[in-house]
Amino acid sequence: MHGGDLIASVLAAQGVQFLFTLCGGHISPILAGCKQRGIRVIDTRHEVTAVFAADAVARLTGRPGVAAVTAGPGLTNTITAVKNAQIAQSPLVLLGGAAATMLKGRGALQDIDQMALLKPHVKWAQAVRRVADLVPAVEQAFREAQRGVPGPVFVECPVDLLYDEQLIRQWYGVGSKGRSLSDQAMKLYFQWHTHRLFTGAGQAPISGRIETLAPEPDIAKTVQVVEQLQKAERPLLLIGSQALLDAPMATAVANAVAHLGIPVYLSGMARGLLGKDHPLQMRHRRREALKEADMVILAGVPCDFRLDYGRHIRRSAFYVSANRSKADMMLNRRPNVGVLGDAGRFLRHLAALLPPMTRWAAWQAQLRQRDQARNAEIARQIHERTDKISPVHLCSEIESSLGPNALLVGDGGDFVATASYIVQPRGPLAWLDPGAFGTLGVGAGFALGAKLCRPDAEVWALFGDGALGYSLVEFDTFARHQIPVIAVVGNDAGWTQIAREQVEILKDDVGTVLDYTAYHRAAAELGAAGFALEDPELVPDVLQKARYAAADGRPVLVNAILGKTDFRKGSLSM
């Protein structure tokens, strides 16, 4: 077996089903080795999409997703997706090709200092220098990606470790005859170096599936939280993505939250945790609720810009933070009780320790009434006329179109943020967005990974027209690999989320204006079904046609021409 086979054998032993990539000579043996072992190789049109797809696999399964990219620009193209995964705490393994060990620093093709580039953006990184170290390095990558606070890891695999030893000896001219003393000396050095590369190759045993346990929260501190809850009159629970890092336990976490009976706001991957219309889940006026609450529990949520750096929580409230990361737990505001450990397990332990509570019924009713009032406001705006299709109306129709197995991907600013008020995930792990990094361009990769993980789900990708520009060409990937996702682009011919503030403050729309581009035609040329949607009366019919096309196995793009509204005026947050 060559080095690519060894890496593929490790991936197979770890239960990897998909390898996301964009081909390159530096990594070809890995791709071939994976195909031979039944791992489906999904080649994308941009390396960033491959890493986004691996990230989606990680979020939906709780196991590391895997991407392999070629050296130099192949690797630099992944940086945004790697950083997004780091901030979102997604476990993924990035395999990077590299120049041959003998040629490092000598002007070889695509040779750069990749370790210096990646180390700031990953949990762990290793540059392999011997074939015998490939298996241990990749196995360690799986451990590090999952351990503690999960995140991306990087293994650099030079090209001369991946091909067959005989071929590498030919590349280095080990068997050639040298006439001069310098030629003979160089030949001896090549022989020594090649011997060192391959000594012990294939001898490292391949381990079974590597599992790491989620860090247990401190029980004594959890008991403190229970005692405080029994005194609280107006407790509030905020749950974020980190509470669902242990993805197989998502239903158990949902059951725990339902048992607790605390009004709850959900964000990130936690959206949909309680289903569509659970009475405990509040969706609007969170800032007001935080100012009124006498106890606030953050489960996997840091006090970052989304909570105005902790200022949304009133100072007199008893503040609890449960988080795998001590830095996130203490960020910007010190909790009264900090519970270091897995936020999902914390909620499960809390539910097991807390007796049934009925004293919060009035508080819950107060928040529910306010939530319903906001829903009524939104319902009225659905029927407000614009010069084209209202984004509020479109999102309402998407909400009505979703089946019970729908999985939603959000990639955009203004349109996707509008959707977040209206479109409701149907269950746990049914919503994917970039997270706190606010990255545009995640949509195609997330949808790709989601549909592969959940082939029976109806995967909807909601794009802003600005965001779609990053990954429109990936409809070629969807078509070639027969991945029938449904994409809807809210096309308002602009970077509207930015324009809202920029035009009002600076009186200038420079850089924010796009065209009402015929994205559906581009998608159709790339092998998808493309639908133009300009008439508000036709929205339900076109969405239904999109569903039928996807059910027949075709990827779909609906190009919805939107008018301007003030629905999200003044909502930009940094």
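Since every read-out is calculated from the coordinates, none of them should be taken as a lab result. Keep in mind that what you see is a predicted model, and the values were worked out from it rather than measured. Cβ sites come from the backbone with ideal geometry, for glycine too, and all protein chains shown count toward neighbours.
So the values come out like this:
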read-out	value
Tail beyond 45 Å, pair distance distribution of the chain (Cα, percent)	22
Over the chain: helical MRE at 222 nm, DSSP H runs n ≥ 4 each giving -39500 (n - 2.57), nearest 500	-12000 deg cm²/dmol
In order through the range 528-541: 3J(HN,Hα) via Karplus (6.51 cos²θ - 1.76 cosθ + 1.60), integer Hz, x for Gly, Pro	9, 8, x, 10, 8, 9, 10, 9, x, 5, 9, 4, x, 5
Once exposed loop GluC sites (Glu not before Pro) are cut out (DSSP; at most 16 other Cβ, 10 Å), longest piece of the chain	1-210
Value in Å of the Kirkwood radius, where the range 3-163 supplies the Cα pairs that are averaged	14.9
Rg/Rh (Cα only; Kirkwood hydrodynamic radius) as it applies to the range 376-474	0.97
Dipole moment magnitude, nearest 20 debye, the range 383-561 about Cα centre, only Lys, Arg, Asp, Glu C-beta charged	600
Under-5 Å amide H pairs with L514, H placed in peptide plane, nonlocal only	G494, W495
The range 167-303 - Rg and Dmax from Cα coordinates, angstrom	29.8, 90
Projected-area mean, the range 459-548, by convex hull of Cα positions, square nanometres	6.5
Calculated FRET efficiency for the pair N336/A362, C-beta based, R₀ 22 Å, to 0.05	0.35
Whole-Å distance, taken between Cα centres, linking the range 344-382 and the range 13-35	46
Between helix 79-88 and the chain: long-axis angle, C-alpha atoms, 0 to 90°, nearest 10	50
Rg/Rh (Cα only; Kirkwood hydrodynamic radius) as it applies to the range 188-265	1.41
Top positive-direction residue, dipole computed over the range 212-329 with Cβ charges, set F305, L260, S321	F305
The range 219-368, Rg to Rh (Cα coordinates; Rh as Kirkwood inverse mean 1/r)	0.91
Rounded, prolate or oblate (a/c below 1.5 giving rounded, otherwise prolate when a/b exceeds b/c) for the range 361-402 by Cα gyration tensor	oblate
Stokes-Einstein D in µm²/s, Kirkwood radius over Cα pairs - the range 415-564 at 37 °C with 0.692 mPa s viscosity	206
